[in-house]
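Asker: The structure under discussion is supplied below as structure tokens; questions concerning it will follow.
Please treat every number below as a calculation from the coordinates, not as lab data. What you are looking at is a predicted structure, and each value in this text was computed from that prediction instead of being measured. Counting neighbours? That spans all protein chains shown, and the Cβs are built from the backbone with ideal geometry, glycine included.
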There are 2 protein chains.
Amino acid sequence: MGAREKRAKYKEEFRREILDAARDLFINEGYERFSMRKLAEKIEYSPTTIYLYFKDKDALLFAICEEVAEQFLANLNHIKTHYSDPLDALRQAMISFMEFGFNNPNQYKVFFFTSPEVYGSQEEFMEKESMARSSYFLFREIVRNCIATGRLREMDTDVLTQVLSVAAHGLIVMTTYRKNFPWADRSVLAHTLVDGLLRGYQK
Amino acid sequence: MGAREKRAKYKEEFRREILDAARDLFINEGYERFSMRKLAEKIEYSPTTIYLYFKDKDALLFAICEEVAEQFLANLNHIKTHYSDPLDALRQAMISFMEFGFNNPNQYKVFFFTSPEVYGSQEEFMEKESMARSSYFLFREIVRNCIATGRLREMDTDVLTQVLSVAAHGLIVMTTYRKNFPWADRSVLAHTLVDGLLRGYQK
DNA sequence: AGGATTAAATTAACAGTGTTAATCTAAAAT
DNA sequence: ATTTTAGATTAACACTGTTAATTTAATCCT
């Protein structure tokens, strides 16, 4: 291995190290207490060093977002292949989406609270390969299956996909970031939400 | 009028002036571009002067929140008295909730994005009178009417109220703050969401 | 009316934030 | 061995919310 690629490899490794430290800081300290300077201190480098590996804070957060989306995508894939009934798959996809949010509040927050610009414009989002995009496509595929097999009534696939996902998102954000409200049991709310929605869109 | 209460009146007026300027700055500049120092510049006072009228930034944002909630509460009251059919009232309450969010993105943002602490703990929220609390109670009243009159099936009122409101909230936040996604028409999504949910919870 | 008291507003400062330009250091290439 | 290049750092800028100390202005009291 030439010294040239050796350096490139080290650089990549260091990038990963920063990313791991960032994720760690994120999970433990939370979204609002995360800062570039704290990250620098954690990895024992000056703050500016980070900028040699990530364009800016958003780029760093984007990288973490993609990791989160990757986890979620894998989960979605598992569901799609292990549930023969499309409606069961959809129900499970929604439930585990919400559980993911409940169990990983900080990861979820970075994913949905970082500047929308990190994924570029509408066109860029749809064209550029990203874990986030793939997740949406896969979730839509599950929804489509329900419609195609007649388990849900005929309607615009994108509209239904979006309605289901925003509803689930709403439950996650409200119960995890508005703790100062006497919410009913999260799991009860999640099941009630999914049951109601799927029942509502059945034939 | 004694000079004592005269001063108190002036103080209250100035408080209002600051609040008005803050709301203005908020609506025009948006949540993330709002700052105490910009507000100070706008009202042509030093930044610290604001702290003589509001404990801190959160207290100021809380005051704006309450204004927003007041508007929404009035709207909800109007609906409750003008729709004889409980289910129509509920449908309209949800639709106008979402429209309110669509049309007032910055006000909505301050209301749902400021530190949860501004409304205190769970117990404090339920005990202390606030526009936000009143809104929840009124919305729940509308939901309760639907169940009591048999327009929706028997179930826990709070659970249903919360499910409906978080779903609507999810649609608002996603479509207004995640613009970098090819959302379907917001109004279509809103109606699809409400139709699906209400259908799902009917007998 | 004039001195004491109180209220209002300000300046200066602290401890943070993200980020850039210029500089120094150490390794690689010629 | 000297030049080139890459890596990391220091210093600085322009912000943020907020507090303590200080000055300015109005009110109270004798």
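Asker: If each label sits 7 angstrom from Cα along the C-beta direction, how far apart, in nm, is A:ASP158 from its counterparts in the other copies?
Answerer: 4.0
Asker: Here's another thing I want to ask about it. Can you find, among A:GLN162, B:PHE34, A:CYS146, the residue farthest towards the positive end of the dipole of the protein assembly as shown? Put +1 on the C-beta of Lys and Arg, -1 on that of Asp and Glu.
Answerer: B:PHE34
Asker: Between helix B:131-148 and chain B, what is the angle of the helix's C-alpha long axis to the longest principal axis, kept within 0 to 90° and rounded to the nearest 10?
Answerer: On a 0 to 90 degree scale, this one is about 10.
Asker: What is the average number of partner chain Cβ atoms found within 10 Å of a Cβ in A:187-195? Kindly include the intermediate steps, with their values, before the conclusion.
Answerer: Numbers: counts 0, 4, 7, 1, 2, 9, 10, 2, 3.
For this peptide, the per-residue mean of nearby foreign Cβ atoms is 4.
Asker: To continue, here is another question. Can you compute 3J(HN,Hα) from phi for each residue in the range A:156-164, using the Karplus curve 6.51 cos²θ - 1.76 cosθ + 1.60 with θ = phi - 60°, rounded to whole Hz and x for Gly and Pro?
Answerer: 4, 4, 5, 4, 5, 4, 5, 4, 5
Asker: Report, please, the projected area of the range B:1-134 averaged over directions, based on the convex hull of its C-alpha atoms, in nm². Display every interim value, and only then the final one.
Answerer: Numbers: hull surface 42.4 nm².
Mean projected area of the Cα convex hull: 10.6 nm².
Asker: Something else about it: Could you tell me, in Å, what Rg and Dmax come out for the Cα atoms of the protein assembly as shown?
Answerer: 23.7, 89
Asker: Which angle between 0 and 90 degrees, to the nearest 10, do you get for helix A:86-103 versus the longest principal axis of chain A when only C-alpha atoms count?
Answerer: 40 degrees
Asker: At what distance in nm do the modelled label points of B:GLU13 and B:ASP58 sit from each other, each positioned 7 Å from its Cα along Cα→Cβ?
Answerer: The answer from the label model is 3.3 nm.
Asker: If R₀ is 56 angstrom, what is the calculated FRET efficiency for the pair B:ALA74 and A:GLU41, using the beta carbon separation as r and rounding to 0.05? Please report the intermediate quantities before stating the final value.
Answerer: Details: r = 50 Å, r/R0 = 0.89.
Computed FRET efficiency for B:ALA74 and A:GLU41: 0.65.
Asker: Rank-order B:145-154, B:159-168 by packing density, defined as the average count of other C-beta atoms within 10 Å over each peptide's residues, highest first.
Answerer: Numbers: B:145-154: 15.5, B:159-168: 24.3.
Those peptides, ordered most packed to least, come out B:159-168, B:145-154.
Asker: Select from the range B:70-140 those trypsin sites (Lys or Arg not before Pro) which occupy a DSSP coil region and have at most 12 other Cβ atoms within 10 Å, ordered by residue number.
Answerer: Numbers: sites: B:LYS80, B:ARG91, B:LYS109, B:LYS128, B:ARG133, B:ARG140; in loops: B:LYS128.
Those satisfying the criteria are B:LYS128.
Asker: Treating only the Cβ atoms of Lys and Arg (+1) and Asp and Glu (-1) as charged, compute the dipole magnitude of the range B:1-85 about its Cα centre; round to the nearest 20 debye.
Answerer: Numbers: 15 positive and 16 negative charges, 88 e Å.
About 420 debye.
Asker: Residues of A:121-130, mean number of Cβ from any other protein chain within 10 Å of their own Cβ, rounded to a whole number? It would help to have the intermediate numbers written out before the result.
Answerer: On the way: counts 4, 5, 2, 1, 4, 3, 0, 0, 0, 0.
Mean inter-chain Cβ contacts per residue within 10 Å come to 2.
Asker: For the range A:137-203, which chymotrypsin sites (Phe, Trp or Tyr not before Pro) pass both filters: DSSP loop (anything but H, G, I, E, B) and at most 16 other C-beta atoms within 10 Å?
Answerer: Working: sites: A:PHE137, A:PHE139, A:TYR177, A:TRP183, A:TYR201; in loops: A:TRP183, A:TYR201.
Here no chymotrypsin sites (Phe, Trp or Tyr not before Pro) fit, given the DSSP loop and packing criteria.
Asker: Another question, then. Roughly what would the spin-label model give for B:PHE113 and A:GLU127, points 7 Å off Cα along C-beta, in nm?
Answerer: Once both label points are built, they end up 2.8 nm from each other.
Asker: What is the average number of partner chain Cβ atoms found within 10 Å of a Cβ in B:151-162?
Answerer: Working: counts 0, 1, 1, 0, 2, 4, 0, 4, 8, 5, 1, 11.
What the average comes to for B:151-162 is 3.
Asker: For A:GLU5, go 7 angstrom from Cα along the Cα-to-Cβ vector, then report the distances to that same point in the other copies in nm, smallest first.
Answerer: Once sorted, the set of distances for A:GLU5 reads 8.7 nm.
Asker: I want the local charge near A:ILE172. Using Cβ-Cβ distances under 15 Å, sum +1 for each Lys or Arg and -1 for each Asp or Glu among the other residues. Provide the component values of the computation, followed by the final result.
Answerer: On the way: positive: A:LYS109, A:ARG178, A:LYS179, A:ARG186, B:ARG178; negative: A:GLU99, A:ASP185.
Taking every Cβ under 15 Å from that of A:ILE172, the sum is +3.
Asker: Can I ask one more? What GluC sites (Glu not before Pro) in the range A:14-62 are in a loop by DSSP, with at most 13 other Cβ atoms within 10 Å of the Cβ? The partial results should precede the final answer.
Answerer: Details: sites: A:GLU17, A:GLU29, A:GLU32, A:GLU41, A:GLU44; in loops: A:GLU32, A:GLU44.
For GluC sites (Glu not before Pro) across the range A:14-62 that sit outside H, G, I, E and B with at most 13 neighbouring Cβ atoms in 10 Å, the list reads A:GLU32, A:GLU44.
Asker: Apply the Karplus parameterisation 6.51 cos²θ - 1.76 cosθ + 1.60, with θ equal to phi minus 60°, to every residue of the range B:27-37 and state each ³J(HN,Hα) to the nearest whole Hz, in sequence, with x for glycine and proline.
Answerer: Once θ is set to phi - 60°, the couplings for the range B:27-37 become 5, 7, 9, x, 4, 7, 9, 7, 8, 4, 5 Hz.
Asker: When chain A is modelled as a GNM with alpha-carbon springs shorter than 10 Å, which of A:ALA184, A:ALA132, A:ALA40 fluctuates the most?
Answerer: Among A:ALA184, A:ALA132, A:ALA40, the largest GNM mean-square fluctuation belongs to A:ALA184.
Asker: Order by neighbour count: B:TYR51, B:TYR119, fewest other Cβ atoms within 10 Å first, most last. All intermediate terms of the calculation are to be shown ahead of the outcome.
Answerer: Details: B:TYR51 15, B:TYR119 20.
Ordered by Cβ neighbours within 10 Å, fewest first: B:TYR51, B:TYR119.
Asker: Under the definition of Cα pairs under 8 Å and six or more residues apart, what whole-number percent is the relative contact order of the range B:1-90? Present the calculation step by step, with values, prior to reporting the outcome.
Answerer: Numbers: 30 pairs, mean separation 17.9, N = 90.
Dividing the mean separation by the residue count of the range B:1-90 yields 20 percent.
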